[in-house]
Each structure stands twice: as structure tokens, then as C-alpha cells.
Amino acid sequence: MDPIFLLIQVLNGVQYGLLLFLIASGLTLVFGIMGVINLAHGSFYMLGAYVALSFTQYTGNLFLAVLLGLPLAVVVGYLFERLLIVHLYDRDHLYQVLLTFGVILIVNEVQSLVWGNDPHGVPVPALLSASVPLTDTLSYPVYRLFVAGLCLLLAVALMLVIQRTRLGMMIRAGQSNREMVAALGINVKQLYAIVFAAGFTLAALAGMFAAPIESVYPGMGEKVLIVSFVVVVIGGLGSVKGAFLGALLIGLATVFGQAFLPALASVMVYAVMAAILLWRPSGLFGRA
């Protein structure tokens, strides 16, 4: 086996896994901590990609597009929670599924009306358009390395916020005992609004940076939603650390499956999930 080819597959798997973590971390915050089954999370990822497309066409630079898109994502995520999700906390999960599935249909229709149904490409910033030579004929794109490094930094920052800050302490306490946190004078509804806005923003940010890698096309959110739920289940509900390890496992399994077992590539993700759940039914870092 060619070691350079193997190295490229490892790099691709890690890069995809880290990007997947950025998406799944927002989902594990909303699903695992707030108890909301948000089927529209993949649509947030797609909206981020389309916003990057529009702002890049307007500014001519992906980085400026991200700077413009991030505040917009925070505001939209906060309003989405305040106007819709806030009514679902004390209701059955069926209501959450129905509402968020309706949001998928609405977002898809808006996407079709605003951007059309043709796939679009987002150019890689000129600063990151080069490649790192591995051999005389093979190289690896700098932009993919940049995305992997950025996702890794965001993962570390998110874990530090959850584990080492007052906000993180309140989030963890709200996950364990919402009524007790409210009795201590903490505004749980406001806390949940912040958590949901953060989850929305993480998904949108992942879409923005993924746009130059996989292009922008209708329905891209539904594909990533399923894999994100797999990552959350593997890692354990509410565990950011578990989502990180689960995303890396799924990223490597997906890439190596496509490279060595293309006929079974789509099965590899679920095979990994089944194996881990047989070993630890609550996930890698989930509570029984």
C-alpha cells in the first residue's frame, strides 16, 4: 500500500471529521443539553453555505463573507429559538419533530426561490489556494488543512467554555437539573436561547467553510443531518468531548470506506455506530 495515499486518506478523514464535529457539536448542545430534537439542524448548515455563497459573490472574499455571516447567524438563531423553539420545551418530542421538519420544508422552499436549484461553487481564498507537495505528483490543498486547524481550535475553545467558564457551569447544571437551576435565580430560558443560538451559529459556520470544499447545492443539509445524529449518539447525548471523538471516528470510517470499500462505504458509518453502541449503549461519554 502506498504510504502517501494512506496519508492523504488520513488527512481527508481527519479534516472531514473535524468539520463534522463543528456541525454535530451544535446538535449535541441542542439535543443533549436542551432535550430538543432539532431536525432542522442540517438546514442551518445549508443556509450557512448559501450565505457564504451570496456574501462571497458580493465581497469577492470568503473571509469577509464569514465575518458578515456570523453576526447574522447569531441573530437568526436567537430569534428562531425565541419565536419557535421556546414553546416546545415542555411538550412531547413529537411536537419538536413536527415543527422542525416543517422548518426543513420552509427553508428548502426559500432556498429554491432565492438561490435556485443549480449547484454553485465558492472560490477558495487566494491566500489559501496553494497545495502542500507530498510527492512529485501528489499534493494536499492548504485550504483543507486550514479548515481542519480552525475546527480543532474551535473544538478546544468550545470544550474550555463548557468545562471552565461560568456559562459552561450553568449549561451543565441546566442539563442535570433544570428546576434547581431556575430556583437558584438563573434565567434558564435565556440560557437556552444562548445555547440554541450557539448551536445554530456552529452549524452555519461549518456550512460557510465547507462551501468551497463540497460546493453548494439543494438538500445538502439533509445528508449531513443524519451523520450528525450518528455522531451525537456515538459520543453520548450532551457530551462535547464524545462528539469530538465520534466525529473523528465517523470521518475516518467514511473516507477509508470510500477509498477501500466503495460498495460498502455507506454502511461503514452505521457499522461503527452499531459496534460502539454494543460496547457502550449510552455512547462513549454518555451517562447510563
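Ordered by the count of other Cβ atoms within 10 Å of each Cβ, fewest first, Phe101, Phe229 give Phe101, Phe229. When the chain is described by a simple charge dipole with +1 on each Lys and Arg Cβ and -1 on each Asp and Glu Cβ, the residue from Ser239, Pro262, Tyr78 located farthest towards its positive end is Ser239. Its Cα centre serving as origin, the stretch 51-209 has a Cβ charge dipole (Lys and Arg +1, Asp and Glu -1) of approximately 540 debye. Taking every full run of DSSP H in the chain, the ones that stretch at least 24 Å from end to end by Cα along their long axis and average 1.0 or higher on the Kyte-Doolittle scale are 3-28, 62-83, 93-115, 142-164, 188-214, 240-260. Relative contact order for the chain: 37 percent, from Cα pairs under 8 Å spaced at least 6 residues apart, divided by residue count. Legend: ranking of residues Lys223, Lys241 from fewest to most surrounding C-beta atoms inside 10 Å; resulting order Lys223, Lys241.
Under a 5 Å amide H cut-off, with hydrogens placed 1.01 Å from N, Arg280 pairs with nothing among residues at least 5 apart or on other chains. Proximity of backbone amide H atoms, modeled 1.01 Å from N, is registered between Ser139 and Leu134 at under 5 Å, excluding neighbours fewer than 5 places apart on the same chain. Under the shape rule built on the C-alpha gyration tensor, where the axes satisfy a ≥ b ≥ c, the stretch 199-288 is oblate, since a/c reaches at least 1.5 while a/b does not exceed b/c. Put in order of Cβ neighbour count within 10 Å, fewest first, the listed residues Ser54, Ser129 become Ser129, Ser54. For Val122, the residues whose amide H sits under 5 Å from its own are Ser215, Val216, ignoring neighbours fewer than 5 places away on the same chain, with H placed 1.01 Å from N.
Packing here is the average count of other Cβ atoms within 10 Å per residue, and on that basis the peptides 12-21, 72-81, highest first, run 12-21, 72-81. Ranked by the mean number of other Cβ atoms within 10 Å of their residues, highest first, the peptides 248-254, 215-221 come out as 248-254, 215-221.
Dipole magnitude for the chain: computed about the Cα centre from +1 point charges on Lys and Arg Cβ and -1 point charges on Asp and Glu Cβ, it is near 860 debye.
Stretching Glu179 away from Ser266 to a fully extended chain increases their span by 27.1 nm, per 0.36 nm per residue minus the current alpha-carbon distance. Can you compute the helix-only [θ] at 222 nm over the chain? Use -39500 (n - 2.57) per DSSP H run of at least 4 residues, normalise by all residues, nearest 500 deg cm²/dmol. Computed mean residue ellipticity for the chain: -25000 deg cm²/dmol.
Only the coordinates and a few stated rules stand behind these numbers; no lab work does. Just so it is clear, the model here is predicted, and its values are computed rather than measured. Cβ: placed from backbone, ideal geometry, glycine included. Neighbour counts: every protein chain shown.
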